[in-house]
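Just so it is clear, none of the values below were taken in a lab; they were calculated from the coordinates. Nothing here was measured: the structure is a model prediction, and the numbers come from that model. Glycine also receives a Cβ, built like all others from the backbone with ideal geometry; neighbour counts cover every protein chain displayed.
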Amino acid sequence: MIKVYGSVYSRASMVLCVLETLGLEYEYIPHLPKGKEIKQDEYLALNPNGKVPTLIDGDLVLWETQAILFYLVDKYGSGELWGDTPESRADIYRWSLFVSNQLETFALDLFIQNKFVPEDLRDEAIILRAQAEMDKHVPVLDKHLEGREFVSGDARTVADIHGATILSWAKLVGYDFKRFPNVDAWIKRQLKSEAQQKVNLKA
Ligand SMILES: N[C@@H](CCC(=O)N[C@@H](CS)C(=O)NCC(=O)O)C(=O)O
């Protein structure tokens, strides 16, 4: 059976959300990002980075969230959450990689600074840079999402689960998405999805 090491409070939530959407059976093995077990030899033998998530499927041991997500929909999606042509898959890769390359670091910086760093120790330079980068790139997504429910094609794909989850980190700590209503609504749709609700119950 597929095994997922990680935590609902980590990037593993995206993997769990894809598994739930596809209705696959899996074993969830809770490992917290701050936990000791991900730095121990047994886990490092699976993922030498000492980070979550890690997926095991038969002989395959896979780390890096996007690689796991793309693997799952390619192998088990039967078209669901995935594209059926090179062009449609390229578009899914494009929007997912756009979020990870242009926005992920900054959404995470905002989340960490505001959630985990005491107010008097927050790094204003990191926060201002993160806000500026978000303000630069989120409008591209907002314009693209005008009149669209999904970021790629006309059905939910792995790019919606991945992208909207990452941007939700910034939303959780008050980044003002009201200026970008299409993105705001897109994130809300992801957070309310049935699969995401099932993932939340594992917390
Ligand atoms: N690029 C990696 C990043 C993995 C990552 O940073 N995971 C975090 C949790 S979301 C973690 O395990 N942090 C623990 C640490 O860095 O010590 C991926 O997408 O899988």
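If you restrict to DSSP beta bridges whose two residues both lie in the chain, what percentage is antiparallel, to the nearest 5? Please report the intermediate quantities before stating the final value.
Details: 7 of 13 bridges.
Antiparallel: roughly 55 percent of the beta bridges in the chain.
For the chain, with a Gaussian network of springs between Cα atoms less than 10 Å apart, report the residue from His137, His31, His162 with the top mean-square fluctuation. Checking each option, the largest mean-square fluctuation is seen for His137. Note on the chain: GNM, Cα springs under 10 Å; of Pro33, Pro48, Pro86, the largest mean-square fluctuation is that of Pro86.
Applying both filters, DSSP loop and at most 14 other Cβ atoms within 10 Å, to the GluC sites (Glu not before Pro) of region 104-203 gives Glu146, Glu149. Restriction of the trypsin sites (Lys or Arg not before Pro) in region 51-140 to DSSP coil positions whose beta-carbon has at most 15 other beta-carbons within 10 angstrom yields Arg122.
Here region 2-79 is treated with +1 on each Lys and Arg Cβ and -1 on each Asp and Glu Cβ, and its dipole about the Cα centre works out to around 360 debye.
Rounded if a/c is under 1.5, else prolate if a/b beats b/c, else oblate: with a ≥ b ≥ c from the C-alpha gyration tensor eigenvalues square-rooted, which is the chain? Numbers along the way, then the final one.
Numbers: a/c = 1.84, a/b = 1.10, b/c = 1.67.
Oblate, since a/c reaches 1.5 and b/c is not below a/b.
Would you kindly calculate the translational diffusion coefficient of region 2-79, applying Stokes-Einstein with the Kirkwood radius from alpha carbon pairs, for 37 °C and a viscosity of 0.692 mPa s, and quote it in µm² s⁻¹ without decimals?
Values: Rh = 12.4 Å.
For these conditions, the coefficient is 265 µm²/s.
Suppose a student asked you for the relative contact order of the chain, using Cα pairs under 8 Å spaced at least 6 residues apart; what percent would you report?
Numbers: 275 pairs, mean separation 46.1, N = 203.
Relative contact order of the chain: 23 percent.
Assigning unit charges at the beta carbon (Lys, Arg +1; Asp, Glu -1) and nothing else, what dipole magnitude in debye, to the nearest 20, does the chain show about its Cα centre? Can you show the working numbers first?
Values: 24 positive and 30 negative charges, 86 e Å.
Its charge dipole is roughly 420 debye.
The phi torsions of region 114-124, fed into the Karplus equation with coefficients 6.51, -1.76 and 1.60 and a -60° offset, translate into couplings of 7, 9, 10, 9, x, 3, 6, 10, 5, 9, 4 Hz, rounded to whole numbers, with Gly and Pro shown as x.
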